[in-house]
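A quick write-up on the structure given underneath.
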Amino acid sequence: MGDTARWEGALGTVPGILRTDLRPGRRDPLPRHRYLSWLPHAHAVLFCVLVGLWGQAVYEDTMQPATGAVSLLVVLLGAAPVIALTRPAAAWWLSTAALLLTATLTAPVFGTSWPWSAPSILLHSLVQLLLSLRVRPVAAAAALGATLLTGVGGLLPLTVPHPPSLLFGAVSFTTVTVVGCSLRATRVSRTRLVRQEELTAGERARRALLEERGRIARELHDVVAHHMSVISIQAQVAPHLVDDPSPELRENLAGIRQNAVDALTELRRVLGVLRGDGAPGDAAAGVRHAPQPTLDRLGELLANVRAAGLDVTAETRGEVRPLSPGAELSAYRIVQEALSNVMRHAPGARASVAVHYHRDGLTVRITNTAPVRRSGPVAADRAREPGHGLLGMRERTAMLGGELAAGPTPDGGWDVTATLPAPLPLDGLTKDGS
């Protein structure tokens, strides 16, 4: 029952497909070749001219001379493939009508039922091929059937002899239709594959962005949770630091502590959701709940990458001062991601890390020289995929309202520069305003 309904639905769409694909006014230009440009189109035009001249010569020799109507039909047959380069449906209608009229006008001369000449078969085969390349298989099969039916009609009455060119024409038209439909199916499949790859790449990029934002959110939640805990403890201890605190002070401090505890509870609840994709186990839990790193641990990071085989130098300029937890964490992560990219994509390169504290904030610059050897095939494949390195750096910088510049250097290396706004407080300025 289901198969019957499916077939009925498929057959119900056939008239609509035929009306759409075989409409004479339908314009569907044949695109130029990727490598040969318009050269195949020029060859098709030259082929039509030569075969058209051959067809005219055939009718001139046979009819001695050919009538003006037959000559006009030969010209139309030669022009049909050229028209098929832009309007395949209109060209097919023109070529089929020209074949039918040519047979009608020349049958009394030849004394046969359906005189398909060799030039006419070649020209119409080219039209049928160009049509099959641009229409759906149902429409191509219908066009082939209509062409063959006009030829079979020439067999009546059966007492009239018919030339072997009828069979040759039927085989030629069928062959080019099958080839055209196969090439079209290959092209459609390739186009769908490319479109699917584009959608997959876009989805992968969006997923990487969401994962990186989730990672940043988890780290910032840790920072905020730490400060909320400090607020709660200070509010609890504050009444004991004052001699005979007033009831109003005790009440306000108790309210501050209670609000901090409530906020910390909600924060931990959200943090549990964000960490739901973490690996189970006590060891993994210890890593997830470890304190978030700051620039104080930059030396430890550099020691780790040196132990992994990366030659890296570090430089700090300006007066070192504590920054906001978000800026400290983002700066550390940017350095970490940049050095990881150097080890992953630039084997044997030397790297340098420059941290500059200035009046308006912090500038972190990580540069590396050209790689000494190429990355392995696995690393090269990963390098072509949208990773989390630069994406995470940009997200962290944008979150703080900073700027990130990343790109190749003239010597074949790579440079990453992040500027994070962290202005000095007014009471921290020196007398000369620096």
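Screening Ala238 on (1) exposed (fewer than 14 other Cβ atoms within 10 Å of the Cβ); (2) out of contact with any Asp or Glu (no Cβ under 8 Å at 6 or more places or on another chain) shows it passes everything except condition (1). Among residues belonging to the stretch 215-228 that are modelled with pLDDT of 70 or more and charged (D, E, K, R), point out the one that is least open to solvent (accessible area, probe 1.4 Å). Of everything passing the filter in the stretch 215-228, Glu219 is least open to solvent (accessible area, probe 1.4 Å).
Filtering the stretch 186-205 to residues that are under 19 Å from Ala141 (Cβ atoms) and open to solvent by less than 50 Å² (accessible area, probe 1.4 Å) leaves only Val188. Of the residues making up the stretch 63-110, not one is under 19 Å from His43 (Cα atoms), open to solvent by 40 Å² or more (accessible area, probe 1.4 Å) and in contact with a Ser or Thr (Cβ under 6 Å, 6 or more places away or on another chain).
Scanning the stretch 166-173 for residues that are assigned to a loop (DSSP other than H, G, I, E, B) and modelled with pLDDT of 85 or more turns up nothing. Of everything listed in (1) in contact with a Ser or Thr (Cβ under 8 Å, 6 or more places away or on another chain); (2) outside any helix (DSSP H, G or I); (3) modelled with pLDDT of 85 or more, the single unmet condition for Pro115 is (3).
List the pairs whose first member sits in the stretch 248-268 and is charged (D, E, K, R), whose second member is in a helix (DSSP H, G or I) and open to solvent by less than 90 Å² (accessible area, probe 1.4 Å), and whose Cβ atoms are under 7 Å apart, counting only residues at least 6 apart or on separate chains? So the pair list comes out as Arg250/Pro239; Arg257/Ser232; Arg257/Ala235; Arg268/Ala225.
Residue check: Leu310 meets all listed conditions (1) more than 24 Å from Thr409 (Cα to Cα); (2) modelled with pLDDT under 90 but one, namely (1). Could you go through the stretch 48-65 and let me know if any residue there is under 17 Å from Ala98 (Cβ atoms) and in contact with a His (Cβ under 8 Å, 6 or more places away or on another chain). Looking for residues that are under 17 Å from Ala98 (Cβ atoms) and in contact with a His (Cβ under 8 Å, 6 or more places away or on another chain), one finds none in the stretch 48-65, hence no. Residues that are hydrophobic (A, V, I, L, M, F, W, C), closer than 21 Å to Gly401 by Cβ and assigned to a strand (DSSP E or B) within the stretch 336-368 comprise Val355, Leu362, Val364, Ile366, listed in sequence order. When we screen Val353, Val335 for residues that are within 34 Å of the chain's Cα centre (by Cα) and under 14 Å from Val305 (Cα atoms), the only hit is Val335. Please tell me if Glu328 is open to solvent by 30 Å² or more (accessible area, probe 1.4 Å) and either at pLDDT 85 or above or part of a helix (DSSP H, G or I) (or both). For Glu328, the condition - open to solvent by 30 Å² or more (accessible area, probe 1.4 Å) and either at pLDDT 85 or above or part of a helix (DSSP H, G or I) (or both) - is not met.
Put simply, of Val109, Val58, Val82 the only residue that is out of contact with any strand residue (DSSP E or B) (no Cβ under 7 Å at 6 or more places or on another chain), closer than 24 Å to Pro24 by Cβ and not hydroxyl-bearing (Ser, Thr, Tyr) is Val82.
A quick yes/no check of all residues on (1) modelled with pLDDT of 85 or more; (2) touching a Gly at 6+ places or on another chain (Cβ under 7 Å); (3) loosely packed, with under 12 Cβ neighbours inside 10 Å:
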| site | (1), (2), (3) |
| --- | --- |
| Gly348 | yes, no, no |
| Ser352 | yes, no, no |
| Asn368 | yes, yes, no |
| Pro371 | yes, yes, no |
| Asp381 | no, no, yes |
| Leu390 | no, no, no |
| Thr397 | yes, no, no |
| Ala405 | yes, no, yes |
| Pro408 | yes, no, yes |
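Quick one: is Glu212 in contact with a Gly (Cβ under 6 Å, 6 or more places away or on another chain), among the acidic types (Asp, Glu), surrounded by 14 or more Cβ atoms within 10 Å (Cβ to Cβ) and at pLDDT below 85? Give the derivation first.
On the way: in contact with a Gly (Cβ under 6 Å, 6 or more places away or on another chain): yes; among the acidic types (Asp, Glu): yes; surrounded by 14 or more Cβ atoms within 10 Å (Cβ to Cβ): yes; at pLDDT below 85: yes.
Yes: the conditions hold for Glu212.
From the list His33, His41, pick out the single residue that is surrounded by 15 or more Cβ atoms within 10 Å (Cβ to Cβ) and more than 12 Å from Ser117 (Cβ to Cβ). Result: His41 is the single residue among His33, His41 that is surrounded by 15 or more Cβ atoms within 10 Å (Cβ to Cβ) and more than 12 Å from Ser117 (Cβ to Cβ). The residues of the stretch 313-325 that are out of contact with any His (no Cβ under 9 Å at 6 or more places or on another chain) and either within 26 Å of Asp411 (Cα to Cα) or assigned to a strand (DSSP E or B) (or both), listed by number, are Thr313, Ala314.
The values are calculated or read from the model by the stated rules, or taken from the named source; none is laboratory data. Computed from a prediction, not measured in an experiment: that's the story for all the values here. Note: ideal-geometry Cβ built from the backbone for every residue, glycine included; neighbour counts use all protein chains shown. Calculation scope for accessible area: heavy atoms of the full protein, side chains included, ligands and nucleic acids excluded. Shrake-Rupley method; radii C 1.70, N 1.55, O 1.52, S 1.80 Å.
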